[in-house]
1. How much length would be gained if the chain were fully extended between residue 133 and residue 154, taking 0.36 nm per residue of separation minus their Cα-Cα distance, in nm to one decimal?
2. Using a Förster distance of 35 Å, how high is the FRET efficiency between residue 201 and residue 62, based on the Cβ-Cβ distance and rounded to 0.05?
3. Under a straight-distance cross-link criterion of Cα-Cα below 18 Å, which aspartates and glutamates are reachable from residue 204, leaving out those fewer than 8 residues away in the same chain?
4. Using DSSP to define loop residues, name the trypsin sites (Lys or Arg not before Pro) in segment 87-186 whose beta-carbon has at most 10 other beta-carbon atoms within 10 Å.
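Nothing in this text is a laboratory measurement; each read-out follows from the coordinates by a stated rule. Keep in mind it's a predicted model, so treat the numbers as computed, not measured. No Cβ is skipped: glycine too gets one built from the backbone with ideal geometry, and neighbour counts run over all protein chains shown.
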Amino acid sequence: MMMGSSSAWGKVTNNNNNNSYDYSFKILLIGDSGVGKSSLLLSFISNMNHPLQDLSPTIGVDFKIKHLTVGGKRLKLTIWDTAGQERFGTLTNSYYRGAHGIILVYDVTRRETFTNLSEIWAKEVELYSTNPECIKILVGNKVDRDSERAVTIEEGMALAREHKCLFLECSAKTRENVLRCFKEVIIKILETPSLLEKGSIAVKKQILKEKQLCQPPNNSRCCS
């Protein structure tokens with residue numbers, strides 16, 4: 001259930017031209033509070049090489065934007081991180097709407113977080129996701145604490161097969177497999193025509209909006 005080597009990723013560079021991109025993709029991080037979703041996001045977004053310290057729990061919803069160039073295509077990724085707590089359930093509909101990729105995270109040292117992926121989170125995805133071909137990956141975090149492991153790799157792979165997800169284990173703290181986790185999702189999105197089309201539509205809407213804002217009054221020319 002693991003994806004192939006990262007060579008399939010092709011050439012990847014940070015795109016500093018943040019106002020210009022070919023595709024815009026929305027990626028969600030879901031799972032119980034405390035499984036390390038915010039740490040995964042920060043590890044991917046930042047360019048730091050040293051291990052991450054433990055972060056305080058997210059309150060409500062947070063998101064980060066990352067611009068990448070993959071195989072000559074400029075991508076804008078909007079990555080959403082939620083608190084994973086039921087009292088924020090009123091955000092559910094808008095949170096899932098339009099997602100191209102979903103990362104379902106559990107803590108390999110806390111079995112209840114693994115169980116809840118089936119009993120809560122996978123059901124929410126099925127209920128609220130608006131893209132039928134949305135790419136999903138099951139991620140077991142905190143493998144740096146392997147001596148405390150409560151969920152086996154085999155169990156994780158079996159659950160991923162059951163829910164038709166990709167599968168990977170990682171450590172947000174040591175950064176092991178963090179980049180690969182996001183790579184796998186983005187590669188599959190780029191290989192899915194319906195998701196590419198939706199990502200392209202978002203860009204077209206943004207361009208149209210910019211043109212409307214730039215519309216000159218009284219037929220005067222717009223500054224370039």
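1. Details: separation 21, 0.36 × 21 = 7.56 nm, distance 2.52 nm.
Stretched out fully, the residue 133 to residue 154 stretch lengthens by 5.0 nm.
2. Numbers: r = 25 Å, r/R0 = 0.72.
According to the calculation, E is roughly 0.90.
3. Hits, sequence-local ones excluded: 22.
4. On the way: sites: 87, 97, 110, 111, 123, 136, 142, 145, 149, 161, 164, 173, 175, 180, 183; in loops: 97, 110, 142, 149, 164, 173, 175.
For trypsin sites (Lys or Arg not before Pro) across segment 87-186 that sit outside H, G, I, E and B with at most 10 neighbouring Cβ atoms in 10 Å, the list reads 164.
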